[in-house]
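To start, the structure under review is shown below, and the notes come after it.
Values in this text are rule-based calculations from the coordinates and carry no lab data. Please read these numbers as outputs of a predicted model, since none were measured by experiment. Here the Cβ is made from the backbone with ideal geometry for all residues, glycine too, and neighbour counts use every protein chain on show.
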Amino acid sequence: MSIKPSESAAGSEWRITGLGTCLGRDDAIGLALVQALSEDAAWAGYCVLLENADAATVAASLLDWRQPVILVDAADMNLLPGECRFFADKDAAMILKTSSVSTHGLGLAEGLELARTLGFDCAVSIFGVQPFDLSPGQGLTPEMTERFPSLLSSLKAACSNRIHPAANAQ
C-alpha cells in the first residue's frame with residue numbers, strides 16, 4: 001500500500017514517509033499517522049507509505065527519491081509507551097535501541113546507514129513513537145488509539161518546522 005506523492009524536482013521537496021506493518025499492533029502507528037496526515041489536502045502531496053518495508057527497501061526508496069525525508073515509525077527509544085521524539089538521522093544509532101527486534105529485518109538505523117553509504121546525502125529526520133505492544137495483531141492498541149490525536153498534532157508541528165504546506169497549497 002502506498003500513497004503516491006505529487007511529483008516534484010529531485011531534492012527539493014520533503015517526503016513524509018510512514019513505516020510499519022498492520023500486523024504488529026502498534027507497529028502500524030507510522031502508517032496510521034501518515035495516512036491521517038495525507039487526508040489533509042495541504043499535506044497530501046508530501047505523504048507516502050512504505051508498509052512492510054525492510055531496511056533495504058527503505059534505503060532503496062531514499063536513493064530513488066533523492067529528497068529530504070521525515071520517517072514516521074514505531075521505535076524503541078526507552079521512552080514511556082505512547083511518547084514520541086523527533087530527531088535527526090545522525091542520532092538514530094544512539095536513540096534507537098539496537099537490541100530491539102525490528103519487523104523491518106535490519107533496523108531503521110541500519111537502513112539509513114546503508115543509504116548514506118550508497119550516496120544518499122539529503123536530510124533525514126525521524127518521528128519515532130514508543131509502542132505499547134508490537135505483538136501480532138491488527139489495529140492499534142486502545143492506549144495508542146487514545147494517544148493518536150495528540151501524536152498527530154505533534155507530527156504536524158514537527159513537520160511544520162521543515163515544511164510549510166500552506167505556502168505550497170494551490
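Length gained on full extension, ARG116 to LEU79, computed as 0.36 nm times the residue gap minus the Cα-Cα distance: 10.6 nm.
Taking label points 7 Å from Cα along the Cα-to-Cβ direction, THR145 and ALA41 give a separation of 3.0 nm.
Is the shape of the stretch 109-170 rounded, prolate or oblate, going by the alpha carbon gyration tensor and its root eigenvalues a ≥ b ≥ c, with a/c under 1.5 for rounded and a/b larger than b/c for prolate? Here the stretch 109-170 falls in the oblate category. Peptide packing for 41-47, 72-78 was compared via the average number of neighbouring C-beta atoms within 10 Å per residue; ordered from the highest value, the list is 72-78, 41-47.
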